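A.B. asks: What follows is a single structure, and I will ask about it in a moment.
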Amino acid sequence: MQMSDLAASGMFLPSQTVGSVLCCICGVSMPPNPANMCVRCLRSRVDITEGLPRHASLVYCPECRSYLQPPRTWIRADLESKELLTFCLRRLKPLTRHVRIVNAEFVWTEPHSKRIKLRLRVQREALNGAILEQSHLIEFTQHDNLCESCSRFQANPDQWVAAVQLRQHVSHRRTFFHLEQLILRHGAAARTLRIKEADRGVDFFFGNRSHAIKFVDFISGSVPVQSRSDKQLVSHDPKSNTYNYKHTFSVEICPICREDLICLPPKVANTLGNLGPLVLCTKVSNSIALLDPFTLRSAYLDAKQYWGSPFKALLSSRQLVEYIILDVEMESSEISVGGSKYALAYAQVARVSDFGKNDNIFTVRTHLGHLLNPGGYALGYDLYGANINDFEVDKYKGLDLPHAILVKKSYEEKRQKRRGKGRSWKLKSLNMEIDNTNGKMDEEKRANDYEEFLRDIEENPELRFNMSLYHNNDYQPSEIASTVGGDELPSVPLDELIAELAISDEEESNCGSMAE
């Protein structure tokens, strides 16, 4: 019968008390334990940290902030980071044979002191099976020593081991601006020795071949590319039979960019279910997203499919023409295709450049019916006045080209009113060597391409998904927001911005006084 049943029956039960014994050393009353000693006497006679190391050393590379894990592995870790704590505990692995580590934490030290202090809470069996817990402090001493790649770079900055030559044969650099933000977001260029801008591309130099291979894999997962590698013998030691090579990876990005107009080859169109043949590129990631603006059918091409039957753009974004919208007649309701919203409509448009010269008005079918309003503006491709000389178009006999294909809504008139005003956000950039041999023309072209890239970020929230946008502290908002026709100029919401960490001299002195 259980105790609860006895109590329910009304039977008298004596109250249970915890027994106590006297310490065999000092005679203090205490709960019983296997050693028959109180905690104070037990700690005064037994030190469970006896024999445990109190000092250790670490080899640190100050250039790349890495720590040596014998025999030749270098691990990058910041001060008081989770990675550094894991690395230090691995160095203390022999300690776990004698004690059990319960907790570990850093003790603050001056960054220039070359010391890292770690406080451990360890448990160990004492007398007669009693488990005792105690604090143990270990001090690591940093010894500066350049790693192999950094020492090679210090001796000769051009003495790289592997180089990645990234190229795209187009007339603008917007793809590289986008890749630059992806590289910064994921830290893909952390192992580079040097980054240099080249004609229609960028060169990345590494001190290790494995770092270059990892970087090529990152680029392959971001955009459709084809790559090949080569190596050149630098030196050979016949006694030890060792060879030193310089490795070069040539990576070519597909020349198809977002907003390009494409005439699909018949073979590719058939594999995509007779899509097009005139399609727009709506997105470029590790695959190419294509959209038929007349039927809203979409398809995706991966790198293998594209490079199996490569093709070029019929017209690129540099050839966009501004149109004014005269009338819009909706044909279908708004639908979602590939995560973006479209609506078919018929629109009467006229080129802005034709105003006052002629009365050319075109009726075109567009996928932007949900965005266009009479009196507004749009950017599109002028097929009526364009001189198209493309072999893929000639393969389609009897293909009737439309007069115009609208691509996106235009905010040029509103941007003219904001010209000269800054943005509330900004982007970081790679530490890159820029070649200005061609002088002012290259600088202006680069500035125009960068401005177009910033406008794309404002107009397309999808582009901001894998980017880190920072708050611009120098920005001063205007008192009156410029609006035209009730539509606001696209901008980046404040909740998507990241505040930069900036510590002033006063804050540093306050932190130092608090630490004292």
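The values are calculated or read from the model by the stated rules, or taken from the named source; none is laboratory data. The structure displayed is predicted, hence computed values, not measured ones. Neighbour counts run over all protein chains shown; Cβ positions are idealised from the backbone, glycine included. The accessibility values were calculated without ligands, DNA or RNA, using every heavy atom of the protein model including side chains. Shrake-Rupley method; radii C 1.70, N 1.55, O 1.52, S 1.80 Å.
A.B. asks: Which one of the conditions (1) in a strand (DSSP E or B); (2) under 31 Å from the mean Cα position of the chain (by Cα) does W160 fail to meet, given that it meets all the rest?
C.D. replies: Condition not satisfied by W160: (1).
A.B. asks: Looking at (1) modelled with pLDDT of 70 or more; (2) farther than 24 Å from G187 by Cα; (3) open to solvent by 90 Å² or more (accessible area, probe 1.4 Å); (4) of a type outside the set (V, I, T), can you tell me which one N438 breaks?
C.D. replies: (1)
A.B. asks: Let me ask something additional. Select, from E125, E110, the only residue that is among the charged types (D, E, K, R), open to solvent by 70 Å² or more (accessible area, probe 1.4 Å) and either touching a Pro at 6+ places or on another chain (Cβ under 8 Å) or over 19 Å from A56 (Cβ atoms) (or both).
C.D. replies: Working: E110 fails: either touching a Pro at 6+ places or on another chain (Cβ under 8 Å) or over 19 Å from A56 (Cβ atoms) (or both).
Every option except E125 fails the conditions.
A.B. asks: Moving on. Here is a list of conditions, (1) open to solvent by 20 Å² or more (accessible area, probe 1.4 Å); (2) charged (D, E, K, R); (3) free of Cβ contacts under 8 Å to residues at least 60 places away in the same chain, and D302 meets all of them except one; can you say which number that is?
C.D. replies: (3)
A.B. asks: Taking F204, is it touching a Ser or Thr at 6+ places or on another chain (Cβ under 6 Å) and at pLDDT 85 or above? Lay out the reasoning, then the answer.
C.D. replies: Working: touching a Ser or Thr at 6+ places or on another chain (Cβ under 6 Å): yes; at pLDDT 85 or above: yes.
So F204 fits the description; yes.
A.B. asks: Another question about this same structure. Can you confirm whether T248 is in a strand (DSSP E or B), surrounded by 13 or more Cβ atoms within 10 Å (Cβ to Cβ) and more than 23 Å from the chain's Cα centre (by Cα)?
C.D. replies: Details: in a strand (DSSP E or B): yes; surrounded by 13 or more Cβ atoms within 10 Å (Cβ to Cβ): yes; more than 23 Å from the chain's Cα centre (by Cα): yes.
Taking the combined requirement at face value, the residue satisfies it.
A.B. asks: Moving to a separate point now. So, in the range 20-32, how many residues would count as being in a loop (DSSP other than H, G, I, E, B) and open to solvent by 50 Å² or more (accessible area, probe 1.4 Å)? Don't jump to the end; show me each part of the working.
C.D. replies: Of all residues in the range 20-32, those in a loop (DSSP other than H, G, I, E, B) come to 20, 23-28, 31-32.
After this cut, where a residue has to be open to solvent by 50 Å² or more (accessible area, probe 1.4 Å) as well, the list is 20, 24-26, 28, 31-32.
Residues that pass the stated criteria total 7.
A.B. asks: Can I ask one more? Is it the case that some residue within the range 142-149 is part of a helix (DSSP H, G or I), farther than 26 Å from T49 by Cα and of a type in the set (S, T, Y)?
C.D. replies: Checked the range 142-149: at least one residue is part of a helix (DSSP H, G or I), farther than 26 Å from T49 by Cα and of a type in the set (S, T, Y).
A.B. asks: Restrict the check to the range 347-366 and report whether at least one residue is assigned by the TED database to the domain that holds L320, in contact (Cβ under 8 Å) with a residue 24 or more places away in the chain, crowded, with 18+ Cβ neighbours inside 10 Å and assigned to a loop (DSSP other than H, G, I, E, B).
C.D. replies: no
A.B. asks: Moving on. Could you tell me whether the range 415-435 includes any residue that is surrounded by fewer than 17 Cβ atoms within 10 Å (Cβ to Cβ) and closer than 25 Å to L314 by Cα?
C.D. replies: no
A.B. asks: Can you give me the number of residues within the range 351-387 that are under 23 Å from R297 (Cβ atoms) and at pLDDT below 80?
C.D. replies: Count: 0.
A.B. asks: Name the one entry in L344, L326 that is assigned by the TED database to the domain that holds P402 and open to solvent by less than 40 Å² (accessible area, probe 1.4 Å).
C.D. replies: Exactly one of L344, L326 is assigned by the TED database to the domain that holds P402 and open to solvent by less than 40 Å² (accessible area, probe 1.4 Å), namely L344.
A.B. asks: Does F153 satisfy being over 25 Å from A77 (Cα atoms), aromatic (F, W, Y) and open to solvent by 10 Å² or more (accessible area, probe 1.4 Å)? Working first, answer last.
C.D. replies: Values: over 25 Å from A77 (Cα atoms): no; aromatic (F, W, Y): yes; open to solvent by 10 Å² or more (accessible area, probe 1.4 Å): yes.
Against the criterion (over 25 Å from A77 (Cα atoms), aromatic (F, W, Y) and open to solvent by 10 Å² or more (accessible area, probe 1.4 Å)), F153 does not qualify.
A.B. asks: Condition (residue is of a type outside the set (G, A, S), part of a helix (DSSP H, G or I) and over 30 Å from S222 (Cβ atoms)) applied to the range 171-194: is it met by at least one residue? Explain how you work it out, then say what you get.
C.D. replies: Applying the first criterion (of a type outside the set (G, A, S)) to the range 171-194 yields 172-186, 191-194.
Applying the additional criterion that residues be part of a helix (DSSP H, G or I) yields 174-186.
From what's left, over 30 Å from S222 (Cβ atoms): none.
Within the range 171-194, not a single residue is of a type outside the set (G, A, S), part of a helix (DSSP H, G or I) and over 30 Å from S222 (Cβ atoms).
A.B. asks: Only one of (1) modelled with pLDDT of 90 or more; (2) in a loop (DSSP other than H, G, I, E, B) fails for N274. Which number is that?
C.D. replies: (1)
A.B. asks: Is it fair to say L193 is within 20 Å of A303 (Cα to Cα), in contact with a helix residue (DSSP H, G or I) (Cβ under 8 Å, 6 or more places away or on another chain) and aliphatic (A, V, I, L, M)? Steps first, answer last, please.
C.D. replies: Numbers: within 20 Å of A303 (Cα to Cα): no; in contact with a helix residue (DSSP H, G or I) (Cβ under 8 Å, 6 or more places away or on another chain): yes; aliphatic (A, V, I, L, M): yes.
So L193 does not fit the description; no.
A.B. asks: Can you list the strands (runs of 3 or more DSSP E) found entirely within the range 41-97 that contain at least 1 residues being more than 29 Å from the chain's Cα centre (by Cα) and surrounded by 17 or more Cβ atoms within 10 Å (Cβ to Cβ)? Don't jump to the end; show me each part of the working.
C.D. replies: On the way: elements: 55-61, 66-69, 73-76.
Per the criteria, 55-61.
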